[in-house]
Amino acid sequence: MTFTGTLPALVTPFKNGEIDEPALRAIVERCIEGGVDGVVPCGTTGETPTLSEAEHARVVRIVIEQTKKRVPVVAGAGAFSTSHTIHLAQMCRELGADGLLLVTPYYNRPTQEGLEAHFRAVAKACPLPSILYNVPVRTGTDLAVETLAKLADVPSLVGIKEATGNVLRSQQILSTLGDRYTVLSGDDALTLPVLSVGGKGVISVTANLLPKETSDVVRLWNAGKIAEARALHLRLAPVHESMFVEANPGPVKAAMAKRGLLQPEIRLPLVWPKSSSMDKTWAALDRAGL
């Protein structure tokens, strides 16, 4: 199985410190109605490091139940130890996830040899179709193109979420490895540039708030409507940038709370965004007519 198009990296809504199940189900439904091509629970945007294992399982289960197989569920299963990653991956598979999102182990800063051994071990223990997730700014480790090439013989590793913030990296992967991996942008602001060099979509923060508009960029591009895709992408570009005026998912949660989609709650060590920061987000949404 491959995963393409627009896949929101789902927020985890809270109410009085607990997972807000009705809000989560409504967010998933709204995303599907907006035309997304899959959903990704328990990624960075889902505040996964703050979830207990029981909460992690509950979020994945709720999302799987709500999608009703209408779109694939790619569940986050990354951790900073290989054994824990394997445990989470097997848990997500048993819950019924269609695929896994596997971030490079964080904090430990493994070598490239360590990254290769890690992903091989996880794939061997749980050969569910998996998207590797490279986000050096958060993990302290960069998954090199050369390491991806070495992992190309592992059939369950089907894609990569490229979140280096550099479209050149996506270009290097595609020019070196062709279509071996599905390349997905990990940055909304780079969706169109990544598509232009052969990428197949985006794992999106903004899609939590604007699922239709975000999905339409990829849909228009795939339909050959290049000028329309470019115009919509440029219209959304300031909004994408404004989702990071403070640490994700603070801004997108604040924007969703303003629209009544969730309660204004985030878990420590993150705190609710300052109003002065969010002024930039409101201005970007106003300029985009959204």
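How much mean residue ellipticity at 222 nm does the chain get from its helices, if each DSSP H run of length 4 or more adds -39500 (n - 2.57) and you divide by all residues, to the nearest 500 deg cm²/dmol? Please list the in-between numbers first.
Details: 12 runs with 134 residues, N = 290.
When only DSSP H runs of four or more count, the value is -14000 deg cm²/dmol.
With the alpha-carbon atoms as the only input, what is the per residue convex hull volume for the range 5-224 in Å³?
It is 109 Å³ per residue.
Give me the percent relative contact order of the range 5-224, please, defined on Cα pairs under 8 angstrom at least 6 residues apart.
21 percent
For the range 147-226 and the range 237-261, what is the separation of their Cα centres, given in Å?
Rounded to whole Å, the Cα centres lie 22 Å apart.
If you only keep lysine pairs separated by 8 or more in sequence, or across chains, how many in the range 5-224 come under 23 Å at the Cα atoms?
Total qualifying Lys-Lys pairs in the range 5-224 comes to 11.
Quick one: Cα centre-to-centre distance for the range 46-61 and the range 83-128, in angstrom?
Rounded to whole Å, the Cα centres lie 16 Å apart.
Could you order peptides 94-103, 67-76 by the average number of other Cβ atoms within 10 Å of their residues, highest first?
Values: 94-103: 22.5, 67-76: 20.4.
Taking the mean over residues of other Cβ atoms within 10 Å, the ranking is 94-103, 67-76.
When a/c is below 1.5 the answer is rounded, else prolate if a/b is larger than b/c, else oblate, so apply that to the range 89-144 with a ≥ b ≥ c taken from the square roots of the Cα gyration tensor eigenvalues.
prolate
Quick one: compute a quarter of the convex hull surface over the Cα atoms of the range 1-106 and quote it in nm². Mind dumping the intermediate values first?
Numbers: hull surface 25.1 nm².
Result: a mean projected hull area of 6.3 nm².
None of the figures in this text is laboratory data; all of them are computed from the coordinates on show. What you are looking at is a predicted structure, and each value in this text was computed from that prediction instead of being measured. All Cβ positions, glycine included, derive from the backbone under ideal geometry; neighbour counts span all protein chains shown.
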